[in-house]
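The values are calculated or read from the model by the stated rules, or taken from the named source; none is laboratory data. Keep in mind the model is a prediction, meaning the values are calculated, not measured. In this analysis, Cβ positions are derived from the backbone assuming ideal geometry, glycine residues included, and neighbour counts consider all displayed protein chains. Each accessible area value is taken on the protein alone, full model and side chains, heavy atoms only, with ligands, DNA and RNA left out. Shrake-Rupley method; radii C 1.70, N 1.55, O 1.52, S 1.80 Å.
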Amino acid sequence: MTQDSNTIEKIFCYRHPDRETRLRCNKCDQPICTSCAVLTPTGYRCPECIRSQQKVFDTTRPADYVVAALVSLVISFAGSWIASFLGFFTVLITPLIGFLIAEIIRWTIKKRRSRTLNKVAMVAAALGSLPLLVFLLVGLLQGGYGLLGLAWQGVYTAMITSAVYYRLGGARVSI
Ligand SMILES: [Zn+2]
Ligand SMILES: [Zn+2]
């Protein structure tokens, strides 16, 4: 029979022992059937390898981005008002505000995190600090006052953005 030549190389899906297959996961080399295989840019992967890969790179849910953006936006905006009264002390207070934002985000989304989430939080922190910055800039252009206040707001925007990113980014090391 012609079937005999095939029996030499017969392999079966490791999740479905009754299904013969020709595919192997290109990471762990386990045989997988077509319904188990997931096509990635680098080839077919088994579900296990896909899952462990996502665990490392991205464990967030879509709602996490909304939460992170809102927390970052609102607190950064509130912080910019506080900073507008602080002058030099902006430099001391802003890292604490960044810390607060990062802690609340981390607490809300638990252990889930991703690089994209950090960027979303960072951009939201920058956006949250902008209204006051623009307000002061307009004031300066129209009335010629508030140059120092504007300068500190600029410092705040730069610091809050990097503080949020640094705080969230530093947490990823613990995985
Ligand atoms: Zn695999
Ligand atoms: Zn299978």
Checklist entry - When residues of the stretch 82-118 are filtered for being open to solvent by 30 Å² or more (accessible area, probe 1.4 Å) and touching a Phe, Trp or Tyr at 6+ places or on another chain (Cβ under 8 Å), how many remain? => result 5
Checklist outcome for this item: Filtering the stretch 29-55 down to residues that are within 25 Å of the chain's Cα centre (by Cα) and open to solvent by 80 Å² or more (accessible area, probe 1.4 Å) yields Leu39, Pro41, Thr42, Glu48, Arg51, Gln54, Lys55
Next on the checklist: What are the pairs with Cβ atoms under 7 angstrom where one residue, in the stretch 25-45, is in contact (Cβ under 8 Å) with a residue 12 or more places away in the chain and over 17 Å from Glu9 (Cβ atoms) and the other, located anywhere, is open to solvent by 90 Å² or more (accessible area, probe 1.4 Å) and away from ligand 2 (no atom under 14 Å from the Cβ)? Sequence gap at least six, or different chains.
Outcome noted: Asn26/Thr42; Arg45/Lys27
Next on the checklist: If I filter the stretch 14-28 down to residues being open to solvent by less than 90 Å² (accessible area, probe 1.4 Å) and within 32 Å of the chain's Cα centre (by Cα), which single residue comes out as farthest from ligand 2 (Cβ to nearest atom)?
Outcome noted: Asn26
